[in-house]
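As structure tokens, the structure follows; a few thoughts come after it.
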Protein chains: 2
Amino acid sequence: MDSNTFPIQSVQIGDGQESIARGGRGLFLLVRQALEKTKVHNIVVLGWGSQGPAQGPNFRDTLAEIGSPARIRVGLRAKSDSIEKAKAAGMEVIEMFAGIREADLVICLINDAGQIGQYRDILAAMKSGSTLGFSHGFLAGYLESIGETVRSDINVIGVCPKGMGPSVRKLYLQGKNVGGAGINSSIAVEQDATGYTWDIALAWAIAIGSPTIFETTLGMEWRSDLTGERGILLGAVWGIVEAVFQHYLNNEINKEEAFRLTVESLTGPINTILSKSGMMGLYRSFDESDQQGFRGSYNRAYGPLRALIEEIYAEVDSGREIGHVIAATNRLQSSGQTMPEIDRTLMWTTGETVRSERDVSDYRVTPNLAGIYAAGIMAQVDVLRAHGHSWSEVVNESIIEAFASLIPFMHARGIAYMVDNCSITARLGTRVWGPRFEHAMRQQVLVPPKNGDVVPNHFVNFVGHTVHGALMDCMKYHSSVSIAVT
Amino acid sequence: MDSNTFPIQSVQIGDGQESIARGGRGLFLLVRQALEKTKVHNIVVLGWGSQGPAQGPNFRDTLAEIGSPARIRVGLRAKSDSIEKAKAAGMEVIEMFAGIREADLVICLINDAGQIGQYRDILAAMKSGSTLGFSHGFLAGYLESIGETVRSDINVIGVCPKGMGPSVRKLYLQGKNVGGAGINSSIAVEQDATGYTWDIALAWAIAIGSPTIFETTLGMEWRSDLTGERGILLGAVWGIVEAVFQHYLNNEINKEEAFRLTVESLTGPINTILSKSGMMGLYRSFDESDQQGFRGSYNRAYGPLRALIEEIYAEVDSGREIGHVIAATNRLQSSGQTMPEIDRTLMWTTGETVRSERDVSDYRVTPNLAGIYAAGIMAQVDVLRAHGHSWSEVVNESIIEAFASLIPFMHARGIAYMVDNCSITARLGTRVWGPRFEHAMRQQVLVPPKNGDVVPNHFVNFVGHTVHGALMDCMKYHSSVSIAVT
């Protein structure tokens, strides 16, 4: 990162140094200054999916608060169903390509597959010297897979919030009353045609409410983002609770109790402890006998979960996952079908009842489930580190995004409310990989040991792992306010 | 097909005409004639996986029986673990590349990912005018995906048995005593450098025991083969029984009875009825009330299963599935790990007990399961037909290969015995897609209806579907003898 407007710091995270910038409402006036300096007078937000309804209103509210003359509009197709929704959210709406032609900053939040279909037209409509911004590197990944580059007279940047759209909006609103609330972002400058391009990215990230901004590249971002959501953030956590719930049923525990021992335990107390004192704190919260249960589950689960997350990373990195998302999205659109529901099973209908009778004094902190979940987190941490991702990215995409942004949604209203408030890319990927995790649990983890089985001691790498310190380092920069989902 | 040696017929299958050749022991002497005419004196079989231990010994036995001077050897790397196994099966073994350099016909049965690593060396070692043969179009699919072609001075052919290796050997051996036993093949001539190349393919197919030979192309073969094994042949049938078994458990049916109502029902009476009188016969075997159950399950299952098989076809056709297999195989090799076991769960340990106490007079023909299975078959038939596959290929890859070659293995010894006797490509694909089918069943099919749900009447297309006639047409050419797996 390189800025004359915003203060950049080099800080220690884990065993490395990283560049970060602090955001927060105290720096809003610098946003005004940066937009003026970089001549960003006209901003258009393309799309109204998961991130659009968060970033559009956040940016608008910030501009209003600082009296910036910059104008922000939502660019939509003339017949888009979203026009009314964007207007209802108080946004000015403009026809998409008219908006792009006038814009100094195009914030492209169209769904990933839609970007593939439209990027040539979007690029062609942009002014020379303007800036194209993404909140996700999907298109960059696609262009990499086909060996194409972007015209060299525009800037290309990324501002990638570490949370789903609804969280980005909720915490921004909470931050109006309490300082320090917000979802952090990682940012990237992929192409700097005009100079001062970091200032544009920083202004955008701070304007939508990020308390801290980390540095990344779009290439690192799409790899970790797709892996993380298919892995422990959505796919793995879903598969784990499905399998453990069924395992309890098969062991004659009634369905309500099984739900309390799985989802309620995970989204309630386990998530709370994790968010306050990390994985070591979670482990240490158990007595000696339960720590043994935690270790045993951790050891059995780590290997199968790690193999699956390695496979996910390989599918993502190769471009095959991107190809799958594009094909699946096109298939849905041309057939007019919607994605299948994921919460019609006994587990989730039971969950509705259990949630409605929730009694926090009756929470169970299930050590076996905690050990499995920790193994999933650590497996993903180890895979991402092996592929060179920075500690801040690893920690955000494996731990903080879970407890701060996603799990609270499962806690409030179940699996579909968590998954289906995310991007189409995440929703599709969860439906592909969730069942794989569930199956690995059922076939490899939750089975009686057999003669000759050797359960490796993976736990030996848990205590003393650099990630515990890296998480605590990142927590210093984390939102002061927890999300409230109701 | 075009041959001066073997009789070719044009026959009606379904609503189309197809070229077929009849094989069988009565034509073995023509094999000798064809090998002499095409100057195939030296044959090398590369690899000793699933098909090698079947086709090698079958071809050798046929050559011996007809007193052919042609020599067949197994080509293996100098340090291969398979050398002893091939020798124990009575095969002559030669160092792989020495064998290729001398061979007039190279039968390449190395595992698919291995072919990708070695095809350049294999091609470079081949004599001009010799013939490269495959039992599966995987490499052709890979070359298509990277836009590469094969040197033009050699023939390229395919002889693709419609059954796993062990079945190809078992039925050949049974055929020594009973005329008409064997696994049919589809054959292809992709490149004809010398002329008479169909004769080489026909000789090979007949020599390994195929009673009937159908025409295809390698491009059609790998698409239908990968789709079929990921679909109803392995992945879907596995996913279906896992989900239905668990559904019974959740409805307080004991595990032994649940196993009888699922796997035993499917691999026993349902498979027997299917193999004798097809899907219409299966449907008509139920009384009116059970037919209603069949129809209800068929209607609920067809849509989700069809969507998944469409997705499989898209992944296969795009080359992404091929890329995944190569990456997964390389990952296994470099890590030294084996594929995870698939039969350690309660379902399959229960199955061992139930099989050991099997009482055929106590068989249940479960109408709901039959309806779901029929829906899976029909979904795959409809997908393959929509993509232009011939009726013989569709019927073989969706129905006959199941009841004649695969399901008998599950009946004898369970899921792993069926899946893990197949190719690495099939085994990997089953592990990817089986859990998807299981999950679709649990989340979309085996759930209580909700207000507003509309179950479409897919069954209206079942009665009167062309596939019923096509199946009966293909059955005329099918092995007279059923496989006996013990």
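Looking at the square roots a ≥ b ≥ c of the eigenvalues of the Cα gyration tensor of region A:227-475, which shape do they give, rounded for a/c under 1.5, prolate if a/b is larger than b/c, or oblate?
Details: a/c = 1.42, a/b = 1.13, b/c = 1.26.
It is rounded, given that a/c, with a ≥ b ≥ c, falls under 1.5.
Give me the base-10 log of I(q)/I(0) for chain A at each q in 0.06, 0.07, 0.11, 0.13 Å⁻¹, Debye formula, one uniform scatterer per Cα, rounded to two decimals. Evaluating at q = 0.06, 0.07, 0.11, 0.13 Å⁻¹ gives log10 I(q)/I(0) of -0.26, -0.35, -0.87, -1.21. The heavy atoms of A:His247 offer some 70 square angstrom of accessible surface to a 1.4 angstrom probe.
For chain B, return all DSSP H helices satisfying: extent of Cα atoms along own axis at least 20 Å; mean Kyte-Doolittle hydropathy at least -1.0.
On the way: long enough: B:235-250 (23 Å, 0.66); B:288-317 (41 Å, -0.81); B:320-335 (22 Å, -0.30); B:367-386 (28 Å, 0.86); B:424-440 (24 Å, -0.35).
Result, helices passing both filters: B:235-250, B:288-317, B:320-335, B:367-386, B:424-440.
Segment A:Ser128..A:Lys79, full-extension length gain: 14.9 nm, with 0.36 nm per residue of separation and the alpha-carbon distance subtracted. What separates the A:Gly281 label point from its copies, with the point 7 Å along Cα to Cβ, is 6.7 nm, written shortest first.
Need one value for B:448-459: mean number of C-beta atoms belonging to other chains within 10 Å of its residues' C-beta atoms. Walk me through the intermediate numbers first.
Details: counts 4, 1, 3, 0, 0, 1, 0, 0, 0, 0, 0, 0.
Going residue by residue through B:448-459 and averaging, the value is 1.
With contacts defined as alpha carbon pairs under 8 Å and 6 or more residues apart, what's the relative contact order of region A:227-475 in percent? Mind showing how you got there, number by number?
Details: 280 pairs, mean separation 104.6, N = 249.
Relative contact order of region A:227-475: 42 percent.
Chains A and B together bury roughly 3000 Å² of accessible surface, counting both sides and using a 1.4 Å probe on protein heavy atoms.
Determine, for each peptide in B:423-432, B:223-232, the mean count of other beta carbons within 10 angstrom over its residues, then list the peptides with the highest first.
Values: B:423-432: 23.4, B:223-232: 28.1.
Per-residue Cβ counts within 10 Å, averaged per peptide and sorted highest first, yield B:223-232, B:423-432.
Between region B:413-486 and region B:239-279, what is the separation of their alpha carbon centroids in Å? With region B:413-486 and region B:239-279 each reduced to a Cα centre, they are spaced 12 Å. Placing a label point 7 Å from the Cα of B:Arg331 along the Cα-to-Cβ line, no residue of region A:340-373 has its backbone N under 18 Å from it.
Within region B:344-387, none of the trypsin sites (Lys or Arg not before Pro) combine a DSSP coil assignment with at most 11 other C-beta atoms in a 10 angstrom radius.
Report the relative contact order of chain A, percent, no decimals, based on alpha-carbon pairs under 8 angstrom and at least 6 residues apart. Across chain A, relative contact order equals 21 percent.
What are the GluC sites (Glu not before Pro) within region A:12-78 that DSSP puts in a loop, where the Cβ has at most 15 other Cβ atoms within 10 Å?
Details: sites: A:Glu18, A:Glu36, A:Glu65; in loops: none.
Taking region A:12-78 and a limit of 15 other Cβ atoms within 10 Å, no loop GluC sites (Glu not before Pro) are found.
Ranked from largest to smallest solvent-accessible area, with a 1.4 Å probe on the protein heavy atoms, B:Arg320, B:Arg25 come out as B:Arg25, B:Arg320. Distance between Cα centroids, region B:59-134 to region A:166-202: provide it in whole Å. So the two Cα centres are separated by 62 Å.
Helical runs assigned H by DSSP (4 residues or longer) give the protein assembly as shown a calculated mean residue ellipticity at 222 nm of -16000 deg cm²/dmol, each run adding -39500 (n - 2.57) before division by the residue total. Segment A:Val11..A:Ile253, full-extension length gain: 82.2 nm, with 0.36 nm per residue of separation and the alpha-carbon distance subtracted. Averaged over peptide B:427-440, the number of partner chain Cβ atoms lying within 10 Å of each residue's Cβ comes to 4. Modelled spin labels at B:Arg22 and B:Thr353, positioned 7 Å past Cα toward Cβ, are 5.1 nm from each other.
Sequence-distant contacts, meaning Cα pairs under 8 Å at least 6 residues apart, place the relative contact order of region B:8-214 at 27 percent.
Placing a label point 7 Å from Cα along the Cα-to-Cβ direction at A:Ser334 gives distances to the equivalent points in the other copies of 3.5 nm, listed shortest first. Across region A:452-464, coupling constants 3J(HN,Hα) worked out from phi with the 6.51/-1.76/1.60 Karplus curve, θ = phi - 60°, read x, 5, 10, 8, x, 8, 6, 4, 4, 8, 6, 5, x Hz, and Gly and Pro carry x.
Among the GluC sites (Glu not before Pro) within region A:130-196, those in coil by DSSP and having at most 14 neighbouring Cβ atoms inside 10 Å are A:Glu148.
The values are calculated or read from the model by the stated rules, or taken from the named source; none is laboratory data. What you see is a predicted model; the values in this text were computed from it and never measured. Cβ: placed from backbone, ideal geometry, glycine included. Neighbour counts: every protein chain shown. Heads up: the accessible areas ignore ligands, DNA and RNA and are worked out on the full protein's heavy atoms, side chains in. Shrake-Rupley method; radii C 1.70, N 1.55, O 1.52, S 1.80 Å.
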